[in-house]
1. Counting only C-alpha contacts under 8 Å and six or more residues apart, can you give the relative contact order of the chain as a whole percent?
2. Note down the magnitude of the dipole of the chain about its Cα centre, charges +1 on Lys and Arg C-beta and -1 on Asp and Glu C-beta and zero elsewhere, to the nearest 20 debye.
3. Name the longest site-free stretch of the chain, where the excluded sites are trypsin sites (Lys or Arg not before Pro) in a DSSP loop with no more than 15 other beta-carbon atoms within 10 Å.
4. Would you list which lysines come within 17 Å of K93, measuring only between C-alpha atoms, while excluding same-chain residues fewer than 8 positions from it?
5. Between V140, V47, V150, find the one with the highest GNM mean-square fluctuation for the chain; connect C-alpha pairs within less than 10 Å.
6. Which aspartates and glutamates have a Cα lying under 20 Å from the Cα of K120, excluding residues fewer than 8 positions away in the same chain?
7. Counting each DSSP H run of 4 or more residues in the chain as -39500 (n - 2.57), what helix-only mean residue ellipticity at 222 nm follows after dividing by all residues, to the nearest 500 deg cm²/dmol?
8. Could you give me D for the chain, from Stokes-Einstein at 37 °C and 0.692 mPa s, where the hydrodynamic radius is the Kirkwood radius over C-alpha pairs? Units µm² s⁻¹, please.
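Where a number appears in this text, it was derived from the coordinates with a stated rule and is not lab data. Since this is a predicted model, take the numbers as computed values, not measurements. Cβ coordinates were reconstructed from backbone atoms using ideal geometry, including for glycine residues, and neighbour counts include every protein chain displayed.
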Amino acid sequence: MPFGKVPVLEIDGKQVHQSTAISRYLGKQAKLAGRNDWEALQIDVAVDTLHDMRQAIADYWYDDNVELRAKKHGPLINEILPFYLRKFDELVKENNGYLANGELSWGDIYFVGVSDYLIKMIEFDFYEKYENLKHLKENVLSQPKIQEWVNKRPKIDFPVRLPPSYYSYGKSF
């Protein structure tokens with residue numbers, strides 16, 4: 001595996017990694033990457049902003065120092081997440097139920113795809129409080145093929161909090 005990490009996409013015997021790059025590539029293949037460079041940029045901006053929010057959550061969740069985690073919890077729940085979630089909610093409202101360009105994109109699928117994991121980490125369902133994000137999720141999950149996959153996919157318990165040494169760079173799995 002390239003860089004010893006998953007996910008990995010293999011096409012014609014060639015492997016690539018990185019979930020966002022794979023998602024963007026597959027989005028282009030499925031015509032879900034915008035009609036021009038400007039629209040593609042709008043999708044990328046939304047996804048990269050999601051990465052910023054994910055990093056804030058990860059900084060809290062994966063901190064093995066109990067005291068530091070406790071100190072991070074309040075600001076995360078009361079300041080950082082409301083800021084991002086409010087902005088995402090407004091963005092979805094401006095785009096008629098989607099993150100960008102007023103139509104379904106790979107960014108919407110990516111957002112909804114990682115949200116289950118993020119919700120488990122923060123221990124509350126942000127879709128309940130942010131109506132437009134709830135509509136985004138409904139728009140994505142109403143896609144027949146996505147709905148079919150969600151109904152049959154394996155059920156897993158996540159996330160698991162492992163010691164920081166597990167996440168060391170260069171460690172092979």
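1. Details: 159 pairs, mean separation 40.3, N = 173.
Relative contact order of the chain: 23 percent.
2. Numbers: 23 positive and 25 negative charges, 93 e Å.
For this selection, approximately 440 debye.
3. Numbers: sites that count: K5, K31, R35, K129, K155, R161, K171.
That gives 36-128 as the longest site-free run.
4. Within the straight-line cut-off, K93 pairs with K129, K134, K137.
5. Judging by the Gaussian network model, the answer is V150.
6. Output for K120: D52, D59, D63, D64, E79, D89, D108, E128, E131, E138, D157.
7. Numbers: 7 runs with 97 residues, N = 173.
Using -39500 (n - 2.57) per qualifying helix, the result is -18000 deg cm²/dmol.
8. Roughly 187 µm²/s, to the nearest whole number.
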